[in-house]
Amino acid sequence: QKEVEQNSGPLSVPEGAIASLNCTYSDRGSQSFFWYRQYSGKSPELIMFIYSNGDKEDGRFTAQLNKASQYVSLLIRDSQPSDSATYLCAPYEGNYQLIWGAGTKLIIKP
Amino acid sequence: NAGVTQTPKFQVLKTGQSMTLQCAQDMNHNSMYWYRQDPGMGLRLIYYSASEGTTDKGEVPNGYNVSRLNKREFSLRLESAAPSQTSVYFCASSEGNTPDTQYFGPGTRLTVL
């Protein structure tokens, strides 16, 4: 059974601070990793994906991947109240399928 | 450009009733997906269609059927609804490449009494 583990939270971070969201996965064959954001009552929307070990930056967001440790993280710099949402980690397992974590609820406090 | 659209947005059924959830995308995507999302759980794949004319089972296909009507449309049918099928249903589409970004519709909130 392929699994994706995320701390359900809620993770509370002060406005302007760095939010760090973590994800571990069981499938060593996963090569690509997606981060989605889901506001309450809304559908998931893509933040970014990463497929190489190391860091990938996109604006205030940085994804970090360590395939040897089967660990992927998402950092949000200068956190804003609008970043308050649930963040979903999803490794790509091949055959058109993503394995979805249950998500971490992030709360940014003004 | 509406992206992925789903109908209806809300639906209440009685046990044993049937219904079809409709999904359409206007991005010329090859692949389409149906997920369900239950509280505290990740998205679970019900069925997917890698390309027009093909459909395959996902993680939780029991109690559901799908039809890929054409490249744009992918419907999900519940033949005999059960309370365990109370959930939020999302349709998604993607180009069908690797790695492959999936784009989601707004969802259908289904309650089965």
Does the stretch A:16-28 include one or more residues that are within 11 Å of the chain's Cα centre (by Cα) and within 13 Å of another protein chain (Cβ to nearest Cβ)? yes
Pairs please, first residue from the stretch B:86-113 and at positive phi, second anywhere and β-branched (Val, Ile, Thr), Cβ atoms under 8 Å, 6+ apart in sequence or on different chains. B:Gly107/B:Val88
So if I check each of A:Ile18, A:Ile76, A:Ile99, A:Ile47, which one is at pLDDT below 95 and hydrophobic (A, V, I, L, M, F, W, C)? A:Ile99
Single residue of the stretch A:66-90 satisfying the filter (touching a Lys or Arg at 6+ places or on another chain (Cβ under 8 Å) and assigned to a strand (DSSP E or B)) that is nearest to the other protein chains (Cβ to nearest Cβ): A:Leu88
Tell me, which residue of the stretch B:91-101 that is of a type outside the set (S, T, N, Q) and surrounded by 21 or more Cβ atoms within 10 Å (Cβ to Cβ) is nearest to A:Gln97 (Cα to Cα)? B:Ala92
Please enumerate the residues belonging to the stretch B:66-90 that are of a type in the set (A, V, I, L, M), surrounded by fewer than 17 Cβ atoms within 10 Å (Cβ to Cβ) and within 21 Å of B:Thr54 (Cβ to Cβ). B:Leu69
Matching option when the condition is closer than 25 Å to B:Trp34 by Cα, surrounded by fewer than 21 Cβ atoms within 10 Å (Cβ to Cβ) and among the hydrophobic types (A, V, I, L, M, F, W, C), among A:Ile18, A:Ile47: A:Ile47
Residue, farthest from A:Tyr36 (Cα to Cα), within the stretch B:43-57, restricted to residues that are at the interface with chain A (Cβ under 8 Å from one of its Cβ atoms) and surrounded by 21 or more Cβ atoms within 10 Å (Cβ to Cβ): B:Tyr48
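Does B:Asn28 qualify as being away from chain A (no Cβ under 13 Å), of a type outside the set (D, E, K, R), without any contact (Cβ under 8 Å) to a residue 24 or more places away in the chain and part of a loop (DSSP other than H, G, I, E, B)?
Working: away from chain A (no Cβ under 13 Å): yes; of a type outside the set (D, E, K, R): yes; without any contact (Cβ under 8 Å) to a residue 24 or more places away in the chain: no; part of a loop (DSSP other than H, G, I, E, B): yes.
Here the answer is no, as B:Asn28 does not meet what is asked.
The values are calculated or read from the model by the stated rules, or taken from the named source; none is laboratory data. All figures in this text were calculated on a predicted structure; none of them were measured in a lab. Cβ coordinates were reconstructed from backbone atoms using ideal geometry, including for glycine residues, and neighbour counts include every protein chain displayed.
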